[in-house]
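The values are calculated or read from the model by the stated rules, or taken from the named source; none is laboratory data. Quantities reported herein were computed from a predicted structural model and do not represent experimental measurements. We place every Cβ from the backbone using ideal geometry, glycine too, and count neighbours over all the protein chains shown.
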Amino acid sequence: METPEKYQSIVMLRVTQVVIAAGIFWLAGFGWFLATLPESGQSDEGLSVDGIVVLTGSPGRVQAGLDYLAWGKGRRLLISGVNRELARETILNAFGGAALEQACCIDLGRNARDTHGNAIEAAEWAGQHGFRSLLIVTADYHLPRALLELGREMENVTLFVLAVDSHAPVLSMASEFNKYLFSIARDYVGPADTRD
């Protein structure tokens, strides 16, 4: 018969083994996540979509979206997740000529507070305009989760991507990988908080 001390030792050994195995799987998954991130930079030169959606966050995203709108790659641009306190004129003035010249074709989404909210906001916007194809502009390491969330809300819309180089530190990427895992898990265990 096992003593309580021996039983406790066995349990601790099993817990340690599970933690180590989980850590190895997480590290392998994180390595895969980093290796499969889309390359940042320009999208297909011949690309033409109905609309362009920028998910706010790291620098460079909005400017990239404005550039593609100026090049005639899309008919309208949605900037999703805009601060409710910022006036439209303040935002457009911050980006200068390109934004001011195309002000008529730029929409500001102010309801999204996380990536799931971005997806809902973008889906509603696409539906209002009858858009069937979108260019999604966000940080390189954010694209996998963004596409997962957007795909859930817009099954009948073709999504193209433009990855903006985020220069994010490893800790930020690790945090994003965890959010990505939680987002995947929602399909199996129900809603989870994956706020961005």
Only one of 194, 90 is at pLDDT below 95, more than 26 Å from residue 41 (Cα to Cα), surrounded by 15 or more Cβ atoms within 10 Å (Cβ to Cβ) and of a type outside the set (Phe, Trp, Tyr); which?
194
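Results for (1) under 30 Å from residue 177 (Cα atoms); (2) surrounded by fewer than 17 Cβ atoms within 10 Å (Cβ to Cβ); (3) touching a Lys or Arg at 6+ places or on another chain (Cβ under 7 Å); (4) among the hydroxyl-bearing types (Ser, Thr, Tyr), shown as yes or no for each residue.
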{"position": "94", "(1), (2), (3), (4)": "no, yes, no, no"}
{"position": "106", "(1), (2), (3), (4)": "no, no, no, no"}
{"position": "110", "(1), (2), (3), (4)": "yes, yes, yes, no"}
{"position": "120", "(1), (2), (3), (4)": "yes, no, no, no"}
For residue 131, only one of the following conditions fails: (1) under 30 Å from residue 171 (Cα atoms); (2) hydrophobic (A, V, I, L, M, F, W, C); (3) over 12 Å from the mean Cα position of the chain (by Cα). What is its number?
(1)
Within region 35-61, count every residue that is modelled with pLDDT under 90 and assigned to a helix (DSSP H, G or I).
0
Tell me the strands (runs of 3 or more DSSP E) entirely within region 73-182 that contain at least 2 residues that are under 22 Å from residue 50 (Cα atoms), in contact (Cβ under 8 Å) with a residue 40 or more places away in the chain and not basic (Lys, Arg).
76-80, 133-139, 158-164
